[in-house]
Amino acid sequence: MRHLPLALAVATLLAACQPATQPPKAADAASPQAATAGPAFAFEEATVADLQRQLTAGSLTSHALVQAYLDRIAAIDAAGPTLRSVIELNPDALKEADALDAERKAGKSRGPLHGIPVLLKDNIDAVPMANSAGSLALADHRPKADAFLVTKLREAGAVILGKTNLSEWANFRSTRSTSGWSGRGGQTRNPYALDRNPCGSSAGTGTAIAANLAAAGIGTETDGSIICPSAVAGLVGLKPTVGLVSRSGIIPISVSQDTAGPMARSVADAAALLSAIATPDAKDPAAAERPDTGPIDYTAHLKADGLKGARIGVVRKLMGYQPDTDAAMERAIAALKAAGATVVDAEIPTLGKWDADEFQMMLYEFKDGLNAYLASSGAPYQSLADLIAYNTQHADTEMPFFAQELFEQANAKGPLTEPAYLAARDKARRLAGPEGIDAALKAQQLDALVAPAMSPAWPTDPINGDHFIGAGYGAAAVARYPSLTVPMGDVHGLPVGLVFMGTAWSEPRLIELGYAFEQASKARETPRFLPSVALPPRK
């Protein structure tokens, strides 16, 4: 492979480090620049294992690898196709890489992630960077300690390269929001077609990892925010069972459903990342529900024959909203069968019946959790009410496209002791979990359920908001169960994913199934940064 020159201008790199302070104009938010992929990249599509082999052999240093990714970010994220996926770089990244190189030279290795650059969504505390949820109100909010999962990543040897843009407040500010837009970071673009949406809320992580701006990344999900941006970016996204990965130090939406998880270019990379962060945290109440407390090596479940003898249920009621996606799904079903799985149609008997209760639960939990985070982290604004006032006072930069209806609805809610909240929380969990996914699995002795993860990416439209037509991940999110999306093909060059859903704590089995499907299908394609979807010429 060709080696990437590591000598882009310092001024360009420093410009890439600066967070956006103004939102894009409406036309700029939707219109692509000319696609310019920049110079050939020596580490394009390199896996964590590929990179670790080079680091171990001494043919590569972590310093050189970090510098290569920094140069890549400067070339195509801050310039060229201008992806706007990285909101802030870690000023200590090269220093961290040097320390890890010194450890390796002294004969110490921390494991598979030693010296590997990782990006984090900008709602996760990571010193010395800001944690803003994309809001200008928190642009100068610099927590004094790392989130628990960041501590675990650093203990495993990962280099924190920087923070990624997101749908502001993880897409819980307005009913008319545009995914991938934040007041601080502007509009993140989809690397497959620059005028298409990256989906949210982990939009920046999805675009950045698809575009090879880091080895892997961390996103967060309440309902779809790992699975959706992974699917439309041709990535593997793993949303863990709530409680498997710590939420401490993450700006919250819902204590019931929030979780962090890996977003990567392969199932193997996602498994390596999950192995590092799936550690019990005494400060996270959901960790007490774990059936085990010891470390798990999820890479031990990378089995090419993982589908042999498996029973998979297709939830066809989660199809039918886009014919090309359905066609890709039928090809995926054929691949599952060819790999040795028995595939049957399945039904989630309570499908969608939890929607109203989930929404009410999230309104209550958002206010409670956000107020607690702001107060405990020393943020410049101490409550949701303060943030509503800030947005009103700075409407030109914070609300040029959409308002804050969800903020206002949440702020009107009472404490988590109210009977209305408790009833909504318990009903949503029951309908999606025991009476939903679990009932479907038990009815036909299934290992997992599958469905299309998402439609292909829609055109970004800051005026009208997201054009969401269908998805398959919701039941797992509300049940608090794991889900895993793996690329299954494309629709006119736009990636689509197959989502696997299982019962609580079934991550090992989902990884087996997902890895076997990935090896059988090999569906991921690298992005080409096209201005728009390449349509066939007129006859």
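Counting only DSSP beta bridges with both residues in the chain, tell me the antiparallel percent, nearest 5.
60
Would you mind listing how long the stretch 100-243 runs along its three principal axes, going by Cα atoms, in whole Å with the largest first?
53, 33, 29
With the Cα gyration tensor of the stretch 331-417 in hand, give its eigenvalues times 5 under a square root as the equivalent ellipsoid semi-axes, listed largest first in whole angstrom.
Square roots of five times the eigenvalues give 41, 18, 15 Å.
Where does the Debye-calculated log10 I(q)/I(0) of the stretch 235-275 sit at q = 0.14, 0.26, 0.33, 0.34 Å⁻¹, using only Cα point scatterers of equal weight, no solvent?
-0.32, -0.87, -1.09, -1.13
When only DSSP loop residues count, what trypsin sites (Lys or Arg not before Pro) in the stretch 305-387 have their Cβ near at most 15 other Cβ atoms within 10 Å?
308, 353
So what is the 222 nm mean residue ellipticity for the chain from helices alone, if each DSSP H run of at least 4 adds -39500 (n - 2.57) and you divide by all residues, rounding to the nearest 500 deg cm²/dmol?
-10000 deg cm²/dmol
Let me check against my output: what whole-number percent is the relative contact order of the chain, with C-alpha pairs under 8 Å and at least 6 apart?
18
Would you mind classifying the stretch 129-213 by shape? Square roots of the alpha carbon gyration tensor eigenvalues, ordered a ≥ b ≥ c; an a/c under 1.5 is rounded, otherwise it is prolate if a/b is larger than b/c and oblate if not.
Oblate.
Just check the stretch 498-539 against the gyration tensor rule for me: Cα atoms, a ≥ b ≥ c as the square roots of the eigenvalues, rounded for a/c under 1.5, and otherwise prolate or oblate depending on whether a/b exceeds b/c.
prolate
Which FRET efficiency value, to the nearest 0.05, do you get for residue 522 and residue 127 by plugging their Cβ-Cβ distance into 1/(1 + (r/R0)^6) with R0 = 25 Å?
0.05
The stretch 436-539: D in µm²/s via Stokes-Einstein (Kirkwood Rh, Cα pairs, 37 °C, 0.692 mPa s)?
Estimated diffusion coefficient is 210 µm²/s.
Suppose the chain between residue 468 and residue 355 were pulled fully straight at 0.36 nm per residue; how much longer would it get relative to their current alpha carbon spacing?
Using 0.36 nm per residue and subtracting the Cα-Cα distance, I get 39.1 nm.
Please list the three semi-axes, largest first and in whole Å, of the ellipsoid equivalent to the stretch 152-308, using sqrt of 5 times the eigenvalues of its alpha carbon gyration tensor.
Output for the stretch 152-308: semi-axes of 25, 19, 14 Å.
Express in % the proportion of alpha carbon pairs of the chain at distances exceeding 36 Å.
So the portion of pairs separated by more than 36 Å is 25 percent.
Quick one: Debye curve from the C-alpha atoms of the stretch 252-400, no solvent, what's log10 I(q)/I(0) at q = 0.11, 0.12, 0.14 Å⁻¹?
So the normalised log intensities work out to -0.79, -0.91, -1.11.
Pull out a ≥ b ≥ c, the square roots of the eigenvalues of the alpha-carbon gyration tensor of the stretch 65-151, then state rounded if a/c is under 1.5, prolate if not and a/b is larger than b/c, and oblate in the remaining case.
oblate
Any lysines with Cα under 16 Å of the residue 427 Cα? List them, leaving off those in the same chain fewer than 8 positions away.
Qualifying lysines at Cα under 16 Å: 353.
Which distance in nm do the two modelled labels at residue 389 and residue 296 give, with both placed 7 Å along the Cα-to-Cβ direction?
Rounded to a tenth, the inter-label distance reads 4.5 nm.
By what distance, in whole Å, do the Cα atoms of the stretch 369-518 stretch along each of the three principal axes, largest value first?
If we take the Cα atoms of the stretch 369-518, the spans are 53, 44, 27 Å.
How large is Rg over Rh for the stretch 227-332, taking Rg from the Cα atoms and Rh as the Kirkwood inverse mean of 1/r across Cα pairs?
1.01
If you roll a 1.4 Å probe over the heavy atoms of the protein chains, what accessible area per residue do you get for the chain, in Å²?
Per-residue accessible area for the chain comes out at 36 Å².
For the pairs 283/303; 105/239; 308/442, note any where the Cα-Cα span goes beyond 25 Å.
Too far apart for the 25 Å limit: 283/303; 105/239.
If you take the Cα Rg of the stretch 431-472 and divide it by 2.2 N^0.38 Å, with N the number of residues, what do you get?
1.72
The values are calculated or read from the model by the stated rules, or taken from the named source; none is laboratory data. Everything quoted here is computed from the prediction, not taken from an experiment. Positions of Cβ are backbone-derived with ideal geometry, glycine not excepted, and every protein chain shown enters the neighbour counts. Note: accessible area is taken over every heavy atom of the protein model, side chains too, but ligands, DNA and RNA are not part of it. Shrake-Rupley method; radii C 1.70, N 1.55, O 1.52, S 1.80 Å.
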